[in-house]
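What follows draws every value from the coordinates through simple rules; no lab data is involved. All figures in this text were calculated on a predicted structure; none of them were measured in a lab. Cβ: placed from backbone, ideal geometry, glycine included. Neighbour counts: every protein chain shown.
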Amino acid sequence: MANVVAFDASFLLPVFSRNLHAVPQDPSTRKPIRQYDKKIDYLLSRLEKEKTKMLIPAPALSEILVEAGAERMHEYLKTIFLRSAFRVVPFKQDAAIVVAVMNRNAMERGDKRSGSKESWQKVKFDRQILAIAKVNKAKIIYSDDQGLRNFAEQAGLRVISSHELDLP
């Protein structure tokens, strides 16, 4: 297991608001993931036991807080900051350079979205999350977002979706 992992908002939203968001679907069965809560709890406890740093890129935090709304925002932040393994990581100069290189390379290949059908704004956001993970030495990113998965795999990061999680 890597000692630094990153989480995308698509993965974290159901974690923080299990009673408000539908359980993600298993793509092979197109049904809600079985024993989802147990899988999430096991992952988080295992990562904490292994003293893994769990990065939340600031753009992903922003997405989570928008979904939380004013009434739950404080609760989400409290959950994040009370878990010592979670670390919110800002988009800084080194990540900006990585994103610029990704964007420039994609434009030079003639497709600034690198094959993605998502909006340009979404592509830029995904690349920011990915760049933050990379410059902070994450080897794994947890995400249920197919667009982010594609970018991360192209960049050499391992991606784990919630349907791939183990049970205790």
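Full extension of the chain between Ala100 and Lys112 gives 3.2 nm of extra length, using 0.36 nm per residue less the Cα-Cα distance. Based on alpha carbons, the Rg and Dmax found for the chain are 15.7, 46 Å.
In summary, the aspartates and glutamates within cross-link reach of Lys39, defined as a Cα separation below 20 angstrom excluding same-chain residues under 8 places away, comprise Asp8, Asp26, Glu48, Glu50, Asp144, Asp145, Glu164, Asp166. Mean residue ellipticity at 222 nm, helices only, the chain: -17000 deg cm²/dmol; runs of at least 4 DSSP H residues each add -39,500 (n - 2.57), and the sum is divided by the number of residues. A full extension of the chain between Arg87 and Ser28 corresponds to an added length of 18.0 nm, given 0.36 nm per residue minus the alpha carbon distance. Here the chain carries DSSP beta bridges of which approximately 15% are antiparallel, counting only pairs with both residues inside.
In a reduced charge model with +1 at each Lys and Arg Cβ and -1 at each Asp and Glu Cβ, the chain shows a dipole moment near 320 debye about its Cα centre. Taking 25 °C and 0.890 mPa s as conditions, the stretch 50-120 diffuses translationally at an estimated 168 µm²/s according to Stokes-Einstein applied to its Kirkwood radius (Cα pairs).
Axis of helix 93-108 versus longest Cα principal axis of the chain: the two differ by about 60°, to the nearest ten degrees.
Ranking Pro32, Leu65, Val99 by Cα position along the charge dipole of the chain, where only Lys, Arg, Asp and Glu carry charges on their C-beta atoms, puts Val99 farthest toward the positive end. Here the extension length gained between Trp120 and Lys78 equals 11.9 nm, from 0.36 nm per residue of separation less the Cα-Cα distance.
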